[in-house]
Amino acid sequence: MADWTELSYAVVDVEGNGHQPPDLVELAAVPVVGGVIGEPVSWLVRPDQAITPMARRVHGISNKAVADAPVFTDIRDDVLKALDVSAFVAHNAHVDAGVLRRKMPDWTCPEVFDTLKLARRFMPDQMSFRLGSLVEALQLAEGLPHDVRPHRAGYDALVAARLFVRLATVAGSLEGLRGLPPEGGTDETPALF
């Protein structure tokens with residue numbers, strides 16, 4: 001069996017402008033290499049459309065806060081560098097990957113691990129699988145800097161990285177993380193007769 005630490009991961013969180021489909025206003029990526037959580041990188045981004053009042057209430061990022069921020073094309077190369085890994089990780093990953101695919105249509109998303117799906121598989125007794133609920137239940141925010149807060153990309157990516165490492169450790173192997181049967185096993189239901 002392969003050790004899950006053999007892959008390099010980028011744990012990502014995006015904050016959107018509240019439109020459908022959402023445009024990017026903040027992005028953070030936290031590397032996980034050799035099973036160790038690295039230093040996060042984050043960017044504020046000036047979206048093509050203004051941030052809606054509802055989105056501002058969620059993440060607290062105002063249009064004024066991003067008025068002098070770079071547009072996505074100005075940070076694209078740095079984002080691609082942060083995403084140059086074996087696997088992409090996020091909580092409810094299809095949303096984050098979808099935003100990035102729209103911003104970078106030529107980007108090939110690596111293998112995806114969704115901490116929401118992993119938590120449902122490895123922690124089925126949880127009352128809620130929302131990131132905030134899992135952070136509270138597992139005390140994933142302990143020791144984080146005081147200047148990061150929920151619903152901001154840096155905070156959410158850091159706690160998702162902590163959640164991912166915990167879940168990957170429970171999975172015990174890359175095959176376990178992927179939901180594959182152990183080596184030599186079969187995924188077919190055994191015959192009853």
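Relative to one another, the C-alpha centroids of region 71-118 and region 133-176 are positioned 18 Å apart. By the rule of a C-alpha distance below 27 Å, with chain neighbours fewer than 8 residues away ignored, the lysines paired with Lys117 are Lys81, Lys103. When the charge dipole of the chain is built from unit charges on Cβ atoms (+1 for Lys and Arg, -1 for Asp and Glu) and taken about the Cα centre, the candidate among Gly172, Ala157, Met127 whose Cα reaches farthest toward its positive end is Met127.
Maximal additional length on extending the Arg130-His19 stretch stands at 37.8 nm, based on 0.36 nm per residue less the C-alpha distance.
Remark on Gly16: its backbone amide H falls under 5 Å from those of Val25, a criterion applied only to residues 5 or more positions apart or on other chains, H modelled at 1.01 Å from N. Basic side chains Lys and Arg get +1 at the Cβ, acidic Asp and Glu get -1 at the Cβ, and with that the dipole of the chain about its Cα centre reaches some 680 debye. Highest mean packing comes first when the peptides 172-180, 123-131 are listed by Cβ atoms within 10 Å, giving 172-180, 123-131. Full extension of the segment from His94 to Glu6, taken as 0.36 nm per residue of separation minus the current Cα-Cα distance, would add 29.3 nm.
Nearest 0.05, what FRET efficiency do Leu180 and Lys64 give at R0 = 41 Å with Cβ-Cβ as r?
0.25
When peptides 7-13, 54-60 are sorted by average Cβ neighbour count within 10 Å, with the highest value leading, the order is 7-13, 54-60. Per-residue extension of 0.36 nm, minus the Cα-Cα distance of Met54 and Cys109, leaves a gain of 16.9 nm for this segment. Here the Karplus relation 6.51 cos²θ - 1.76 cosθ + 1.60, evaluated at θ = phi - 60°, turns the backbone of region 24-36 into coupling constants of 7, 10, 8, 9, 9, 9, 10, x, 10, 10, x, x, 10 Hz, with x for every Gly and Pro. Highest mean packing comes first when the peptides 20-28, 92-100 are listed by Cβ atoms within 10 Å, giving 20-28, 92-100.
Taken together, the values in this text are just the output of simple stated rules run on the coordinates, not laboratory data. As the structure is a prediction and not an experimental result, all values here were calculated from the model. As a convention, Cβ positions derive from the backbone with ideal geometry for all residues, glycine included, and neighbour counts pool all protein chains shown.
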